[in-house]
Amino acid sequence: MIRWMLSLLLCAGFALAGAPADVTVQGLYEGSCKSDNGVECKLEVRVVAQGKGEFKVFIRETLPDGKLVKVDGEAKTDGDAVAFKAKVGDTAWSGTYADGGFTGTCPTGCKLAIKRVQRQSPTLGKKPPEGAIVLLDGKNFVQLNKRKNKDGTENPWPQAAEDGSMQVAKGGMSSKQGLDGSFDYHVEFINPFMPDKHSQGRGNSGVFLPNGDEIQFSTPSAMPRMWAAAVAASTSTKTPTPSTSSPSLRFRRSNGRPTTSNTASRSRTARSWPSRA
């Protein structure tokens with residue numbers, strides 16, 4: 001009986017073992033490439049799931065003299081392991097995933113070690129200050145107008161999830177109240193995990209400010225390059241660094257302070273358009 005139970009437990013263990021889920025591998029990694037004599041180069045690596053256990057790997061290496069080197073590679077799930085490789089000229093990179101990170105080798109025989117990082121904004125979940133206009137509280141839409149369809153009909157308001165989140169109404173929505181002058185805004189959003197989609201086909205939404213500027217909300221790892229992780233960025237002003245973003249399926253926030261100098265002279269409403277997910 002004891003042998004039978006032990007065999008069952010071992011079989012169960014093998015059944016539970018396997019390759020890590022793509023969503024746990026995708027993300028932002030930080031670490032270093034270190035030589036035997038102690039010379040260390042800082043690394044920031046973005047791993048982007050492509051579906052079916054395949055990934056794009058974007059490496060940014062900061063050399064001791066401050067020079068930035070960009071390297072593109074690929075990773076693939078083979079059996080229970082995820083391994084990546086990249087090559088620039090005669091220099092090669094390689095690594096294997098385990099326990100939330102990759103270890104391996106980088107050029108000239110240096111040792112590579114990076115760990116997946118998950119950042120969370122200190123203002124995530126921030127309560128509205130006294131006198132704030134709450135456009136969307138996860139319960140109702142009394143401060144918002146829906147955008148009508150071309151035939152004049154309206155789509156129903158979306159239902160809120162248990163955590164208070166909801167998908168933007170089809171066609172978008174705008175604030176009933178016009179906004180003018182300087183103001184602070186706080187937006188929290190979440191992007192889906194859609195590895196088989198690409199570019200803006202993954203998660204893509206945004207908020208238009210009264211002056212017409214759009215704050216872009218795209219899946220941070222949807223874009224083909226490090227600099228293109230357009231998360232909470234004004235599409236006409238600035239693209240943020242990748243380190244500003246959190247992984248897919250985790251809430252993010254966008255804070256901003258449009259000033260009178262870049263706000264339209266007449267009062268306009270703030271608009272939001274729906275995610276393509």
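The values are calculated or read from the model by the stated rules, or taken from the named source; none is laboratory data. Keep in mind that what you see is a predicted model, and the values were worked out from it rather than measured. Cβ placement follows ideal geometry from the backbone for every residue including glycine, while neighbour counts extend to all protein chains displayed.
Annotation note: Cβ proximity below 7 Å between a residue of the range 179-208 that is within 29 Å of A49 (Cβ to Cβ) and a residue that is modelled with pLDDT of 80 or more and assigned to a loop (DSSP other than H, G, I, E, B) (sequence gap 6+ or interchain) occurs for E188/L124; R202/M194; G203/M194. Taking first residues from the range 120-147 that are loosely packed, with under 12 Cβ neighbours inside 10 Å and partners that are of a type in the set (A, V, I, L, M), the Cβ contacts under 9 Å between residues at least 6 apart in sequence or on separate chains come to P128/V134; K139/A160; N140/A160. For the range 153-191, the set of residues classified as surrounded by fewer than 17 Cβ atoms within 10 Å (Cβ to Cβ), in contact with a Lys or Arg (Cβ under 6 Å, 6 or more places away or on another chain) and polar (S, T, N, Q) consists of N155 only. Here I190 fulfils each of the conditions (1) modelled with pLDDT under 55; (2) touching a Phe, Trp or Tyr at 6+ places or on another chain (Cβ under 8 Å); (3) among the aliphatic types (A, V, I, L, M) apart from (1). Considering the conditions (1) out of contact with any Leu (no Cβ under 9 Å at 6 or more places or on another chain); (2) of a type in the set (D, E); (3) touching a residue at least 40 places away in the same chain (Cβ under 8 Å), D90 is excluded by exactly one of them, (3). Within the range 58-72, one or more residues are in contact with a Phe, Trp or Tyr (Cβ under 9 Å, 6 or more places away or on another chain) and touching a residue at least 40 places away in the same chain (Cβ under 8 Å).
Confirm whether F102 is crowded, with 17+ Cβ neighbours inside 10 Å and touching a helix residue (DSSP H, G or I) at 6+ places or on another chain (Cβ under 7 Å). No: the conditions fail for F102.
Every condition in (1) assigned by TED's automatic domain parsing to the domain that holds D36; (2) polar (S, T, N, Q); (3) surrounded by 12 or more Cβ atoms within 10 Å (Cβ to Cβ) is met by T108 except one, and the failing one is (3).
Condition check ((1) farther than 17 Å from R116 by Cα; (2) surrounded by 19 or more Cβ atoms within 10 Å (Cβ to Cβ); (3) hydroxyl-bearing (S, T, Y)) across all residues:
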site	(1), (2), (3)
A19	no, no, no
D22	no, yes, no
Y29	no, yes, yes
G38	yes, no, no
E44	no, yes, no
G51	yes, no, no
V57	no, yes, no
T62	yes, no, yes
D65	yes, no, no
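Number of residues in the range 101-135 that are closer than 30 Å to R46 by Cβ, of a type in the set (A, V, I, L, M, F, W, C) and out of contact with any Ser or Thr (no Cβ under 7 Å at 6 or more places or on another chain) equals 4. Listed by position, the strands (runs of 3 or more DSSP E) enclosed by the range 159-218 that each have at least 3 residues that are closer than 22 Å to Q120 by Cβ are 185-189, 204-208, 214-218.
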